[in-house]
Amino acid sequence: MNKTRKPDGKTAAGREDRLGAALRANLARRKAQARARADQDEQQEGAPAQDSAPESEE
């Protein structure tokens, strides 16, 4: 038989806290990876990553 439990306020709040913490950790990890890639690109090319795209002539 399938029993469904209704989350009480304490359990739901704990879940929200865990999910929020996981999202913040994931964002921090992704930012660190992006910074590392940008630094690596700068070292390989010798120019800042933002300015590496050629400007169009008009």
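Take the range 16-48 and flag every residue that is among the polar types (S, T, N, Q) and surrounded by 10 or more Cβ atoms within 10 Å (Cβ to Cβ). Give the steps one after another, and end with the answer.
Initially, the range 16-48 is screened for residues among the polar types (S, T, N, Q), giving 26, 33, 40, 43-44.
Result: N26, Q33, Q40.
So is A47 out of contact with any Ser or Thr (no Cβ under 7 Å at 6 or more places or on another chain), at pLDDT below 90 and assigned to a loop (DSSP other than H, G, I, E, B) or not? Talk me through it step by step, then tell me what you get.
Numbers: out of contact with any Ser or Thr (no Cβ under 7 Å at 6 or more places or on another chain): yes; at pLDDT below 90: yes; assigned to a loop (DSSP other than H, G, I, E, B): yes.
Yes, satisfied.
The values are calculated or read from the model by the stated rules, or taken from the named source; none is laboratory data. These numbers come from a predicted model, not from an experiment. A quick note on method: Cβ atoms are made from the backbone with ideal geometry, for glycine too, and the neighbour counts reach across all protein chains shown.
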